[in-house]
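Q: Here you go, one structure.
The values are calculated or read from the model by the stated rules, or taken from the named source; none is laboratory data. Keep in mind it's a predicted model, so treat the numbers as computed, not measured. Glycine also receives a Cβ, built like all others from the backbone with ideal geometry; neighbour counts cover every protein chain displayed.
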Ligand SMILES: [Ca+2]
Ligand SMILES: [Ca+2]
Ligand SMILES: [Ca+2]
């Protein structure tokens, strides 16, 4: 079974593009899912582009002079709602072109909820990339209720905000997949190496299977988190993901960044994630660390995860379940990092299925020959 008929598909490689599964919006159609229809030059420019393409042939470019802008979706229910009913955690690739840089930028999401709820929007913005490069952001919308499946229309609106003129390219709005998580820190019995060094105005304690961070305003690092296999995980992933709950707060805003330390150096992320500050709120936060120097082997002398928290004022957070989100391997249906028999079987078992499923590798709405060929063509990769 290992040596499947690769010769069958050798000539078809040109037809296959990189395809993270379960894509909601790829911005391949000219109307850009409605986002392009409601803007005026100078106020907001929305256009189809070939910069920052992570799926298909096009992305959606957005340029604005800074400040807050709404991008209003087309309201076609079946383009979005069935996906959100599977998961209200979404990933979105954002590219900032070379030469662009802003001090801060973020995004909120709003959609229409059940009758009586009106519009729902996430009160905690998600950080947008501020410097050149492609980064993936996580939109955690789990706190927002959904309307019934037969609601007439469903509009997914994106609110963008930046400190000055900004330009971003969006592609591959897709479902976040728990199957792609590699578990690193669960704080079952201790802090797994995390410490505050000789800093003041921050303290750290193990609290009921979580890591409790108490800090005054300002920027502070947590150093030295280590877990078995951490180097191997960070070499195969591109996001550090964790759950954060606000225990106490006198802060209007807070954010976080990560650094990975190994013989390759101290690699600090350029992406900054926004952290909730409202007491009782729990959110899943993702920090893209692409561009960071990573260990060059799975077993380096040392490899530690370091997290920095910045807040306006006093803040107490419980952090738990730090995992690394696996980078997509083309044809890897079950997201275990290796394209093998299991992926082939997943496609075969679901052959003909038109539901939203990871077996629809190319995200065209049906599991068929094309998906099978993608798996076959990539057979053995990542293993
Ligand atoms: Ca696309
Ligand atoms: Ca697999
Ligand atoms: Ca397909």
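Q: Would you point out which residue out of 191, 222 is assigned to a strand (DSSP E or B) and crowded, with 17+ Cβ neighbours inside 10 Å? Talk me through it step by step, then tell me what you get.
A: Numbers: 191 fails: assigned to a strand (DSSP E or B).
None of the others qualify; the one that does is 222.
Q: How about the range 317-364: which of its residues are in the same structural domain as residue 231 (by TED's automatic domain parsing) and over 16 Å from residue 236 (Cβ atoms)?
A: Passing the criteria: 317, 318, 319, 320, 321.
Q: Tell me yes or no: at least one residue of the range 364-383 is modelled with pLDDT of 95 or more, crowded, with 17+ Cβ neighbours inside 10 Å, away from ligand 3 (no atom under 16 Å from the Cβ) and more than 22 Å from residue 128 (Cβ to Cβ).
A: Checking the range 364-383: at least one residue is modelled with pLDDT of 95 or more, crowded, with 17+ Cβ neighbours inside 10 Å, away from ligand 3 (no atom under 16 Å from the Cβ) and more than 22 Å from residue 128 (Cβ to Cβ).
Q: How many of the residues making up the range 43-69 are closer than 14 Å to residue 158 by Cα and within 21 Å of the chain's Cα centre (by Cα)?
A: Residues meeting the conditions: 3.
Q: If a residue counts only when it is under 19 Å from residue 175 (Cα atoms), which strands (runs of 3 or more DSSP E) contained entirely in the range 276-351 have at least 1 such residues?
A: Hits in the range 276-351: 282-288, 315-326.
Q: Cβ-Cβ below 7 Å, separation at least six or inter-chain, first residue in the range 327-348 and on the phi > 0 side of the Ramachandran plot, second at pLDDT below 95 and within 16 Å of ligand 3 (Cβ to nearest atom): which pairs?
A: 331/361
Q: Next question, about the same structure. If only one of 62, 53 is touching a strand residue (DSSP E or B) at 6+ places or on another chain (Cβ under 6 Å), at pLDDT 95 or above and in a loop (DSSP other than H, G, I, E, B), which one is it? Working first, answer last.
A: Values: 62 fails: in a loop (DSSP other than H, G, I, E, B).
Just one listed residue meets the conditions, 53.
Q: Mind listing whichever residues of the range 24-50 are within 16 Å of ligand 3 (Cβ to nearest atom) and at pLDDT below 95? Spell out the reasoning first.
A: Step one: list which residues in the range 24-50 are within 16 Å of ligand 3 (Cβ to nearest atom), which gives 24, 26, 28.
Matches in the range 24-50: none.
Q: Under the condition of being outside any loop (DSSP other than H, G, I, E, B) and within 23 Å of residue 24 (Cα to Cα), which residue from the range 353-383 is nearest to ligand 2 (Cβ to nearest atom)?
A: Checking each candidate, the answer is 375.
Q: Scan the range 336-352 and tell me whether some residue there is surrounded by fewer than 18 Cβ atoms within 10 Å (Cβ to Cβ), more than 15 Å from ligand 2 (Cβ to nearest atom) and more than 24 Å from residue 222 (Cα to Cα).
A: Yes - at least one qualifying residue is present in the range 336-352.
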